[in-house]
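*Asks:* Quick one: this structure, given as structure tokens, is what I'll be asking you about.
The values are calculated or read from the model by the stated rules, or taken from the named source; none is laboratory data. Source: prediction; values computed, not measured. For neighbour counting, all protein chains shown are included, and Cβ atoms are generated from backbone atoms with ideal geometry for every residue, glycine included. Areas reflect the complete protein model, heavy atoms only, side chains present, ligands, DNA and RNA absent. Shrake-Rupley method; radii C 1.70, N 1.55, O 1.52, S 1.80 Å.
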Amino acid sequence: MIVDIVHTSFVVQRVFSASPRHTFRFFCEPELKARWNGCHTDWRVLEETFDFRVGGGEVKRWRTLEGKEQTFHSHYLDIVPDARIVYAYEMSFGGTRLSASLVTLTLEEMQRGARMTWTEQVAILSGGEKAAEQRAWGTEEGLDVMIDLAQREGVTEH
């Protein structure tokens, strides 16, 4: 049985006191990305790859405390250092594909830092409207963690 697909999009903007060059590091350096993008720290990581280049991608596979697997697969379509990343990704849980997304991330130079714009177009394949709301909320939460991390780590420039 095919369940109705929820198509949605959302835009999240954040301002960093760091330059676009320093902000970009939080997406292209695996150690930095893991620190803001790593949710569910109690889940066991079963597989993890990070290949940040056009044509490359990421794979992450976890096992939850209940023994189910969640997967994340992405593919980088376009990368302009310090300015833009475009990638597609899909997520699955317990063998069911949850969603497929296209993300466009841009960084704009500002007088005192960078403006980041995250635009995500998503097809929610399981979970309906509630899952769509959770995706937007989770993305905002992760990006807020990144801003806090950047400021704590002193990678910001003034």
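*Asks:* How much accessible surface area, in Å² rounded to 10, belongs to the heavy atoms of Asp42 with a 1.4 Å probe?
*Replies:* Its accessible surface works out to 90 Å², give or take rounding.
*Asks:* First obtain the Kirkwood hydrodynamic radius of the chain from its Cα pairs, then insert it into the Stokes-Einstein equation at 4 °C and 1.567 mPa s, and state the resulting D in µm² per second as a whole number.
*Replies:* 79
*Asks:* Still on this structure, please answer the following. When all protein chains stay in place, what accessible area (Å², nearest 10, 1.4 Å probe) is found for Glu66?
*Replies:* Roughly 150 Å² of Glu66 is accessible to a 1.4 Å probe.
*Asks:* With only Lys, Arg, Asp and Glu charged, each at its Cβ (+1 for the first two, -1 for the last two), find how big the charge dipole of the chain is about the Cα centre; round to the nearest 20 debye. If you can, show how the numbers build up before the last one.
*Replies:* Details: 18 positive and 24 negative charges, 23 e Å.
It comes to approximately 120 debye.
*Asks:* Working from the pairwise distances between different alpha carbons, so that the mean of 1/r is found and then inverted, what is the stretch 71-155's Kirkwood radius in Å?
*Replies:* Values: mean 1/r = 0.0693 Å⁻¹.
One decimal place: 14.4 Å for the Kirkwood radius.
*Asks:* Also: Averaging sequence separations of C-alpha pairs under 8 Å and six or more residues apart, then dividing by the length of the stretch 6-156, give the relative contact order as a whole percent.
*Replies:* Across the stretch 6-156, relative contact order equals 28 percent.
*Asks:* Add -39500 (n - 2.57) for each DSSP H run of 4 or more in the chain, then divide by its residues: what number comes out at 222 nm, to the nearest 500 deg cm²/dmol? Don't skip to the end; give the middle numbers.
*Replies:* Details: 3 runs with 42 residues, N = 158.
Dividing the helical sum by the residues of the chain leaves -8500 deg cm²/dmol.
*Asks:* Could you check the simple spin-label distance between Glu29 and Ile5, using points 7 Å along Cα→Cβ, in nm with one decimal?
*Replies:* 3.8
*Asks:* Taking the Cα centre of each part, how many Å lie between the stretch 13-90 and the stretch 106-148?
*Replies:* Rounded to whole Å, the Cα centres lie 13 Å apart.
*Asks:* Set Lys and Arg Cβ to +1 and Asp and Glu Cβ to -1, take the dipole of the chain about its Cα centre, and tell me which of Leu77, Thr139, Thr104 lies farthest positive.
*Replies:* Sorting the options by dipole projection puts first Leu77.
*Asks:* Under unit Cβ charges (Lys, Arg +1; Asp, Glu -1), what dipole magnitude, rounded to 20 debye, does the stretch 18-59 have relative to its Cα centre? Please list the in-between numbers first.
*Replies:* Numbers: 6 positive and 7 negative charges, 52 e Å.
Around 260 debye, computed over the stretch 18-59.
*Asks:* Okay, next question. Would you mind working out the accessible area per residue for the stretch 1-91, using a 1.4 Å probe, and quoting it in Å²?
*Replies:* Heavy-atom accessible area per residue stands at 58 Å².
*Asks:* Could you work out which residue, out of Leu143, Leu65, Leu107, moves most in a Gaussian network model of the chain, that is, has the largest mean-square fluctuation with Cα springs under 10 Å?
*Replies:* It is Leu65.
*Asks:* If you don't mind, there's one more thing I want to ask. Can you give the Rg and Dmax of the stretch 106-147 based on its C-alpha atoms, in angstrom?
*Replies:* That works out to 13.4, 42 Å for Rg and Dmax.
*Asks:* For Lys60, Lys130, Lys33, give the ranking by accessible area with the largest first, probe 1.4 Å.
*Replies:* Values: Lys60 40, Lys130 135, Lys33 15 Å².
Most to least solvent-accessible, the answer reads Lys130, Lys60, Lys33.
*Asks:* Moving to a separate point now. Once neighbouring chains are kept in place and the probe is 1.4 Å, which whole percent of the accessible area of the stretch 1-59 is contributed by carbon and sulfur?
*Replies:* Numbers: 1890 of 3650 Å².
Carbon and sulfur atoms account for 52 percent of the accessible area of the stretch 1-59.
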